[in-house]
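The values are calculated or read from the model by the stated rules, or taken from the named source; none is laboratory data. These figures come from a predicted structure and were not determined experimentally. Quick reminder, even Gly has a Cβ in these numbers, built from the backbone with ideal geometry, and neighbours come from all protein chains shown.
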Amino acid sequence: MTFDRAAALDRLGSEHFDVLVVGGGITGAGVALDAASRGLRTALVERDDFASGTSSRSSKLVHGGLRYLSQGDYRLVWQALAERQRLLANAPHLVRPMPFVFPSYGSRAGVRAVSSALWLYDLTGGFRIGKLHRRLSPADAVSRAPGLRADGLAGAHLYFDAHADDARLTLAVVRTAVLDHGAVAANHTRVTHLGAGGADVEADGRELRVHASVVVSAAGVWADELAGGGSASIRPAKGVHLTVRAELVRSDVALVLRAPSDGRSVFVVPWPGTGRVYVGTTDTDYDGPLDTPTCNAADVDYLLEAVNASLTAELTAADVVGSWAGLRPLLAGGTPGRRSTDLSRRHRVTRFRDGLVAVNGGKLTTYRAMAADTVDEVQAALGQRRTPARTATLPLRGACRRTTDLDAPVARHLFSRYGSEAGAVAAMVATDPALGEPLVAGLPYLRAEAVYAARYEMACDLDDVLSRRTRALILDRDASAAAAPAVARLLAAELGWSDEDTAAQVNRYCAGVEAERLAAAAPV
Ligand SMILES: Cc1cc2nc3c(=O)[nH]c(=O)nc-3n(C[C@H](O)[C@H](O)[C@H](O)COP(=O)(O)OP(=O)(O)OC[C@H]3O[C@@H](n4cnc5c(N)ncnc54)[C@H](O)[C@@H]3O)c2cc1C
């Protein structure tokens, strides 16, 4: 088996599949892995790049979601915390425990309220990570997060959740489905028409008919568009994150802060090994274009105000080195007028006539459980006896707990991205030491990683490499734009681009960076 797009397109046009999954975000990836590992002949198509939708734009927390407890959604938190544990076991290279400090300012009543919430979190499954939450004195909190304001700090709590690079997690799930379980997957392949017995797709200007007994719609916020635009099953809610340099925030732990304007929780999350910290998120109803949600000046002000209220740093918009906006595919329905913050993060699987199954809603953390429910319905639609999902204990590609023998920071970096496959990247550097040079100034990625992405991770363009195979765009947009010409030349040699192609790739990427910067400075 290879993870090769040309071979996948050939098979898409010539084979008959039990199930075709539309959408290569975490949900579709999970469905493809579950289906293939149950022995179904499985195909997956993604119109842009794997994880290019919401699944590269999340808060990157594999968590139960403390705030869903205050909404009384204990079942969701219980399920998510069970899934968190499975991911820690099945992808230990990608999903890592992360300590969180939750400071409480003002009265001691606030400290007691956080304490009760965290007891409930532990009882709902937080305990599974092996550590219960504990109370910290103000001095102890400040020693762990020196950037916290000490004045008015009544107390704090320490608890544990987990963190993952969402785009790489999605890619790992797709690669596992293909390389270990025989699924066929192609990115940059758009479904143009859904119908009984399969779908029409368009790839590289070519039209193909993919024959499949069942089609699964896993198109996230595009679900209604894919279905023909007649229904309104999804209510998108926008969330924004900002990246700043770690030395401005001064905290080795993640922080949960209160936004002064509305009391919502805002996370400050150090991204291990990158020297960057990100802050997020907002949660606002969204009715703009689905393909281009942007972070605007009001979003930036809201998040910086939350950080500046609890940290000694006085961050301004000039300190923001990256930003991203994503759309939550929340389930529509329920009480009209409810704020998006209050809408459930549960998922829904619907089986229609004509062999169509749709999966909507959910969270990054719960993708595996969503996929299991979906493939149960796929088997019902196929008229098959239901077989149990195998994914609860199925390792993802690269899963292992050991590091490679490269020098420490590089080894840690490669391990956190490739796990047991890190040796393949290291071998490229051993053969050609120039590939061991940095890809983007100030970030830990190596030139070898761009080459690896083109050869083994189905990266097809510059944006695939700088936005998702590496996270250079969101970690440092200007540095990524400055590196774009050199990275494009590296990719040109792998992907056979002409000089014009290469220039066009650079222009398109840099225009995207510029548009993002302008949007972040624009009022709503
Ligand atoms: C701001 C924010 C923060 C979040 N934080 C967290 C968090 O910390 N933890 C957590 O667990 N969850 C979090 N979530 C939720 C989580 O990110 C989403 O639930 C999840 O990523 C949705 O994945 P998806 O695959 O359903 O959708 P998507 O990732 O959007 O995937 C759908 C895919 O379908 C493709 N597609 C659409 N139309 C077609 C077509 N015609 N043909 C082919 N492909 C098509 C799209 O290109 C897209 O890639 C967050 C969400 C947001 C917005």
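Consider segment 13-25 and keep the residues that are within 13 Å of the ligand (Cβ to nearest atom) and touching a Lys or Arg at 6+ places or on another chain (Cβ under 9 Å). The one that is farthest from Glu207 (Cα to Cα) is Gly24. Exactly one residue out of Leu443, Leu495 is modelled with pLDDT of 95 or more, more than 14 Å from Gly322 (Cβ to Cβ) and surrounded by fewer than 24 Cβ atoms within 10 Å (Cβ to Cβ): that is Leu495. Set side by side, the residues Ala145, Ala219, Ala139 differ, and just one is modelled with pLDDT of 95 or more and closer than 30 Å to Asn90 by Cβ, which is Ala219. Going through segment 201-223 one residue at a time, which ones are near the ligand (Cβ under 10 Å from one of its atoms) and acidic (Asp, Glu)? Selection gives Glu202 alone. Here Pro146 meets each of (1) assigned to a loop (DSSP other than H, G, I, E, B); (2) within 19 Å of the chain's Cα centre (by Cα); (3) at negative phi; (4) not basic (Lys, Arg) with one exception, condition (2). The set of residues in segment 454-463 being part of a helix (DSSP H, G or I) and surrounded by fewer than 23 Cβ atoms within 10 Å (Cβ to Cβ) consists of Ala454, Arg455, Tyr456, Asp463.
Of everything in segment 226-242 that's more than 15 Å from Leu330 (Cα to Cα) and either among the polar types (S, T, N, Q) or in contact (Cβ under 8 Å) with a residue 40 or more places away in the chain (or both), which residue is nearest to the ligand (Cβ to nearest atom)? Among those residues, the one meeting the criterion is Leu226. For segment 99-113, the criterion of being within 14 Å of the ligand (Cβ to nearest atom) and assigned to a helix (DSSP H, G or I) is met by no residue. Taking each residue of segment 175-198 that is among the β-branched types (Val, Ile, Thr) and looking for partners that are within 13 Å of the ligand (Cβ to nearest atom) and part of a loop (DSSP other than H, G, I, E, B) with beta-carbon atoms closer than 8 Å, six or more apart or interchain, yields Thr189/Glu46; Thr189/Arg47; Val191/Arg47.
Kindly indicate whether any position in segment 29-43 is under 15 Å from the mean Cα position of the chain (by Cα), buried (at least 19 other Cβ atoms within 10 Å of the Cβ) and either within 7 Å of the ligand (Cβ to nearest atom) or over 19 Å from Asp161 (Cβ atoms) (or both). Within segment 29-43, one or more residues are under 15 Å from the mean Cα position of the chain (by Cα), buried (at least 19 other Cβ atoms within 10 Å of the Cβ) and either within 7 Å of the ligand (Cβ to nearest atom) or over 19 Å from Asp161 (Cβ atoms) (or both).
Listed by position, the strands (runs of 3 or more DSSP E) contained in segment 173-280 that have at least 3 residues being buried (at least 23 other Cβ atoms within 10 Å of the Cβ), aliphatic (A, V, I, L, M) and more than 22 Å from the chain's Cα centre (by Cα) are 206-217. Residues in segment 256-276 that are of a type in the set (A, V, I, L, M) and more than 17 Å from Thr312 (Cβ to Cβ): 3 in all.
Looking only at residues in segment 281-305 that are within 22 Å of the chain's Cα centre (by Cα) and not in a loop (DSSP other than H, G, I, E, B), the one that is nearest to Met98 (Cα to Cα) is Leu303. Listed by first and then second residue, the pairs with beta-carbon distance under 8 Å, at least 6 apart or on different chains, first residue in segment 43-58 and in contact (Cβ under 8 Å) with a residue 24 or more places away in the chain, second basic (Lys, Arg) and more than 6 Å from the ligand (Cβ to nearest atom), are Ala43/Arg11; Asp49/Arg468; Phe50/Arg468; Ala51/Arg468; Ser52/Arg468; Ser56/Arg468.
Ala399 fulfils the conditions (1) among the small types (Gly, Ala, Ser); (2) part of a loop (DSSP other than H, G, I, E, B); (3) more than 22 Å from Ala51 (Cα to Cα) except for a single criterion, (3). Looking only at residues of segment 306-328 that are assigned to a loop (DSSP other than H, G, I, E, B) and out of contact with any Ser or Thr (no Cβ under 9 Å at 6 or more places or on another chain), we find that the one that is nearest to the ligand (Cβ to nearest atom) is Leu315.
If you go through segment 44-77 and pick out every residue that is under 19 Å from Pro97 (Cα atoms), within 11 Å of the ligand (Cβ to nearest atom) and among the aliphatic types (A, V, I, L, M), you end up with 2.
Can you find a residue in segment 507-518 that is of a type in the set (Lys, Arg) and modelled with pLDDT under 95? The answer is yes, given that some residue of segment 507-518 is of a type in the set (Lys, Arg) and modelled with pLDDT under 95. Against the criterion of being touching an Asp or Glu at 6+ places or on another chain (Cβ under 7 Å), assigned to a helix (DSSP H, G or I) and at pLDDT 95 or above, Ala484 does not qualify.
Residues in segment 243-255 that are in contact (Cβ under 8 Å) with a residue 40 or more places away in the chain and touching a Pro at 6+ places or on another chain (Cβ under 8 Å): Val249, Arg250, Ser251, Asp252, Val253, Ala254, Leu255. Does Val451 meet the test of being surrounded by fewer than 21 Cβ atoms within 10 Å (Cβ to Cβ) and part of a helix (DSSP H, G or I)? When the stated conditions are applied, Val451 does not pass them. Would you check which residues across segment 272-292 are in contact (Cβ under 8 Å) with a residue 60 or more places away in the chain and within 13 Å of the ligand (Cβ to nearest atom) and list them? Answer for segment 272-292, where residues must be in contact (Cβ under 8 Å) with a residue 60 or more places away in the chain and within 13 Å of the ligand (Cβ to nearest atom): Tyr278, Gly280, Thr281, Leu290. Of all residues in segment 62-74, those that are on the phi > 0 side of the Ramachandran plot have Cβ atoms under 7 Å from Cβ atoms of residues that are among the hydrophobic types (A, V, I, L, M, F, W, C) and within 11 Å of the ligand (Cβ to nearest atom), 6 or more apart or on another chain, in Gly65/Ala80.
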